[in-house]
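Chemist: This is the structure I have questions about; it appears just below.
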Amino acid sequence: MSTPDVDVIVVGAGPAGSCAAIVAARAGLDVVLLERGPFPGSKNMYGGVVYPRILDTLIPNWWEEAPIQRWVTRRSTMLLTDTQALTIDFRSEAWGEPPYNGATAFRPDWDHWLAGHAEAAGAQVLTDTTVVGLIRDPGGAVVGVRTDRPDGDLRAKVVIACDGVNSFLAKEAGLYEHTDAKHYTLGVKETLALPKEVIDERFAVRDRHGVDIEILGCTGNVNGGGFLYTGLDTLAVGVVLKLPKLAAQKKRPEEIVAGLKQHPAIAPLVQGAELKEYSAHLIPEAGLTMMPKMTMPGMLVAGDAAALCLAAGIWLEGVNFAMASGMYAGEAVVEALQANDTSATGLAGYQRRLSDTFVLKDHRKLHRAPELVLSDRVQHLYPGMVANVAERMFRVDNPHPKPGLRRILNEERKKAGVRRRDLLRDGWTGFRSFG
Amino acid sequence: MSIVACVKWVSHPGEPHDERFAGMSMADQSALEFALQQGELLGQPVTVITVGPAGADKVLRDALACGATRAIRIEAPTTAAGTDVATAIADHIADAEWVWCGDYSLDRGAGSVPPFIAAHLGAEQALGVIAVTLLGATVHATRRLDGGRRELLEVTAPAVVSVEGATARLRRAGLQHLRSAAAATIEVMPATTPIHRAEFMVRPYRPRARELPAPTGESPLDRLRVLTDAAAASAARGETVHLAPADAAARIVHALRDWGYRDS
Ligand SMILES: Cc1cc2nc3c(=O)[nH]c(=O)nc-3n(C[C@H](O)[C@H](O)[C@H](O)COP(=O)(O)OP(=O)(O)OC[C@H]3O[C@@H](n4cnc5c(N)ncnc54)[C@H](O)[C@@H]3O)c2cc1C
């Protein structure tokens, strides 16, 4: 068997790949980070909010250099019906100061910046290079990758697959037992340009402060959710759609985004904005239900490639889970190479780190949430029911006296066709997930 | 040093201020590909040269990854005038037999560097070439002339050939070459003569808005002809003037302004 060209190959310079490469290269390993795009981040999209707390140890004071658009100081959750909107709005000035909480950032900027740290740590970043397959030894262990370049084989002691959702490498290695379209959602997004002052005024923020709005009930018959985030002088507005429902409804995703933009609660916010970009991407939505085996001899899987994105209603966090899992994969590889053992046992430190940290703890805690949030009742019955309750609570119907909340709730529940039993069950599931 | 490819690090027209999109133009890529093919044919190494700031190392490394053997960067800002760029290059490649260039750069578009290099080297020049056949000691080149005509040239060394972007497709660098190019040495040299800022800039042709009367004509086709000026187009531009060099230059600048290539 030929000798390895390098210690570690990391496939994919997204947040997971770059963090894995930073950790491994800083430990003195010879690392190659392969990226199919012309530069790291060039192919990547997401909604727009990143929660970088996990970088505190990797890049201390990251906020002084990270390419952020705005610091998220307002978080809103909106329930929409065709004519109503109920919003829970939270804002915190503390989130607008170091050490901050979340930020809006463009992926081509964010990923490029992180990959710069990998390069500074000594990793070799090779772009325009697509990995097309794995090289395995006769025993089945991964010993390298095939790329689409001439003389494109590269051998390594360990491969870290960070090639994103629908990972061909994890599938080729047989790490996914089965894949199912119902485990994925399609995210589509429009980036709209608006002058900064107009955004500041419409969203009631100043300086670099920004807003994250998650929206439920805005996707018509297709189960999903929406979002609206503020960049410095752009808005990101989009929807996340359950794939089988989208296919069954024969709807175009851009129609659904257009519908969201026309909603009376959203239209004034996006009015006059110029469309700059339209993008779409899959999201591994099913959490624990779909996760693959994380390691095999010679290979680990991190980030979306390992379905580690947390998509649970009011939380759509993938980048922080990707960065963390990339870091833990990097640490486990360092440990394994020190022990000269890249077997599944040698790489077991990765699974242990995932299990002991927020990565799998949050997934375990919220494992019922994705299904609940995307269920027909939450999607199609509850928004109308809750909005009607609010409307009746706030409506002044003199000379009639104010009705009691319990009565309104009961009447609206019946009107919406929701059985008490289902409401209680969903409430309990929600409480156990989010409580 | 016998075969040289001159390449320029240019910004992407759609993202002029973002270095991440900057690289080699299609025309320079074609030039590099011919240089590499000629190197293989003649069994000679290929030197790649650029004039620019440190960021320009990227295009040199790309060229090394594709098979160039030596890379030289002459330190200068991106705003360097074409005449100075040509002088700086010519000073460093005095013994070159074949010099391959793109026909013009994406950002500046004047196409002046290749003929200036040829003038400095006292070499033959074949400019704006649309097809190339490499034949050992000679090169057959096809040039585009006005009115759809073609000119076939037999070029011998020493020569400067500038090619259009679609003439060749640059080979894809092998993985191992890509890896070693990242660590290869780039010879950074100062310019031998002062480098000035380009003062005369042209931009893509944008005709001025003008008022058009409703077209006259019997049939829709006649009206369309009048509207599109189809028949008159070639006659409108042609003009031969006999003037002293300075006056001729002034006349050209005037015409460029008149035709909408320059604002002032
Ligand atoms: C519409 C939408 C909205 C989202 N909103 C948010 C949000 O607001 N906040 C949040 O935290 N998360 C969000 N996410 C999730 C987040 O984008 C992902 O979880 C995150 O990008 C995962 O990072 P990663 O590094 O694992 O994978 P990716 O970011 O997908 O990176 C994979 C990298 O691998 C490269 N690659 C793939 N295949 C190959 C190959 N064969 N060879 C070489 N390179 C390859 C790709 O080009 C890419 O650079 C959203 C996702 C979508 C689709």
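The values are calculated or read from the model by the stated rules, or taken from the named source; none is laboratory data. This one's a predicted model, so the numbers in the text were calculated from it and none came from an experiment. Cβ: placed from backbone, ideal geometry, glycine included. Neighbour counts: every protein chain shown. In case anyone asks, the SASA skips ligands and DNA or RNA and just uses the protein heavy atoms, side chains included. Shrake-Rupley method; radii C 1.70, N 1.55, O 1.52, S 1.80 Å.
Chemist: Among the residues of the stretch A:107-132, what is the count of those that are within 14 Å of the ligand (Cβ to nearest atom) and at positive phi?
Modeler: 1
Chemist: Of all residues in the stretch B:114-162, which are polar (S, T, N, Q), surrounded by fewer than 16 Cβ atoms within 10 Å (Cβ to Cβ) and under 27 Å from residue B:84 (Cα atoms)?
Modeler: The answer is B:156, and nothing else.
Chemist: Got at least one residue in the stretch A:237-257 being closer than 30 Å to residue A:156 by Cβ and near the ligand (Cβ under 9 Å from one of its atoms)?
Modeler: no
Chemist: Among the numbered conditions (1) in contact with a helix residue (DSSP H, G or I) (Cβ under 7 Å, 6 or more places away or on another chain); (2) closer than 16 Å to residue A:279 by Cβ, tell me where residue A:232 comes up short.
Modeler: (2)
Chemist: Okay, moving on. Taking the condition within 13 Å of the ligand (Cβ to nearest atom) and farther than 26 Å from residue A:312 by Cβ, does residue A:277 pass?
Modeler: Here the answer is yes, as residue A:277 does meet what is asked.
Chemist: Would you check which residues across the stretch A:48-60 are open to solvent by 70 Å² or more (accessible area, probe 1.4 Å) and more than 13 Å from the ligand (Cβ to nearest atom) and list them?
Modeler: Within the stretch A:48-60, A:57, A:60 qualify.
Chemist: Filter the stretch B:163-187 down to residues that are within 14 Å of chain A (Cβ to nearest Cβ) and modelled with pLDDT under 95 and give me whichever is least open to solvent (accessible area, probe 1.4 Å).
Modeler: So, considering only residues that are within 14 Å of chain A (Cβ to nearest Cβ) and modelled with pLDDT under 95, the one least open to solvent (accessible area, probe 1.4 Å) is B:182.
Chemist: Every residue in the stretch A:26-47 that is buried (at least 23 other Cβ atoms within 10 Å of the Cβ) and within 14 Å of chain B (Cβ to nearest Cβ), please.
Modeler: A:31, A:32, A:33, A:34, A:35, A:40, A:41
Chemist: Turning to a different aspect of this structure: Name the residues in the stretch A:156-184 that are buried (at least 18 other Cβ atoms within 10 Å of the Cβ) and more than 22 Å from the chain's Cα centre (by Cα), would you?
Modeler: Result: A:156, A:157, A:158, A:159, A:173.
Chemist: Now for a different question. Could you list, in sequence order, all residues of the stretch A:178-225 that are of a type in the set (Val, Ile, Thr), within 16 Å of the ligand (Cβ to nearest atom) and farther than 18 Å from residue A:242 by Cα?
Modeler: Residues satisfying the conditions are A:191, A:211, A:213.
Chemist: Looking only at residues in the stretch A:98-118 that are in a helix (DSSP H, G or I) and within 12 Å of chain B (Cβ to nearest Cβ), which one is nearest to residue A:42 (Cα to Cα)?
Modeler: A:108
For every residue, the table says whether it meets (1) more than 11 Å from the ligand (Cβ to nearest atom); (2) within 14 Å of chain B (Cβ to nearest Cβ).
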{"site": "A:140", "(1), (2)": "yes, no"}
{"site": "A:145", "(1), (2)": "no, yes"}
{"site": "A:148", "(1), (2)": "no, yes"}
{"site": "A:151", "(1), (2)": "yes, yes"}
{"site": "A:154", "(1), (2)": "yes, yes"}
{"site": "A:163", "(1), (2)": "no, no"}
{"site": "A:166", "(1), (2)": "no, no"}
{"site": "A:172", "(1), (2)": "no, no"}
{"site": "A:175", "(1), (2)": "yes, no"}
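Chemist: Spot the failing condition for residue A:84; the list is (1) closer than 24 Å to residue A:358 by Cβ; (2) more than 13 Å from the ligand (Cβ to nearest atom), and only one is missed.
Modeler: Against the list (1) closer than 24 Å to residue A:358 by Cβ; (2) more than 13 Å from the ligand (Cβ to nearest atom), residue A:84 comes up short only on (1).
Chemist: Can I ask one more? Can you name the condition, by its number, that residue A:150 falls short on among (1) open to solvent by 50 Å² or more (accessible area, probe 1.4 Å); (2) out of contact with any Lys or Arg (no Cβ under 9 Å at 6 or more places or on another chain); (3) assigned by TED's automatic domain parsing to the domain that holds residue A:14?
Modeler: So the condition that residue A:150 fails would be (2).
Chemist: Could you check the stretch A:294-376 for helices (runs of 4 or more DSSP H) lying wholly inside it with 3 or more residues that are within 16 Å of the ligand (Cβ to nearest atom) and within 18 Å of the chain's Cα centre (by Cα)?
Modeler: It comes to A:319-338, A:358-365, A:369-373.
Chemist: Out of all the residues in the stretch A:379-435, which are over 30 Å from residue A:241 (Cα atoms) and open to solvent by 100 Å² or more (accessible area, probe 1.4 Å)?
Modeler: Hits for the stretch A:379-435 are A:394, A:395, A:398, A:399, A:400, A:401, A:402, A:406, A:407.
Chemist: Can you list residue pairs whose Cβ atoms sit under 8 Å apart, with the first residue in the stretch A:185-204 being open to solvent by 20 Å² or more (accessible area, probe 1.4 Å) and part of a helix (DSSP H, G or I) and the second being within 16 Å of the ligand (Cβ to nearest atom) and among the basic types (Lys, Arg)? Count only pairs 6 or more apart in sequence or on different chains.
Modeler: Note: no pairs meet the criteria.
Chemist: Are there any strands (runs of 3 or more DSSP E) wholly within the stretch B:1-102 with 2 or more residues that are surrounded by fewer than 24 Cβ atoms within 10 Å (Cβ to Cβ) and away from chain A (no Cβ under 14 Å), and if so which?
Modeler: The strands (runs of 3 or more DSSP E) meeting that bar are B:70-75.
Chemist: Residue check: is residue A:36 near the ligand (Cβ under 8 Å from one of its atoms) and either over 18 Å from the mean Cα position of the chain (by Cα) or among the aliphatic types (A, V, I, L, M) (or both)?
Modeler: yes
Chemist: I'm told residue A:75 meets every condition in (1) within 14 Å of chain B (Cβ to nearest Cβ); (2) crowded, with 19+ Cβ neighbours inside 10 Å except one. Can you identify the failing condition by its number?
Modeler: (1)
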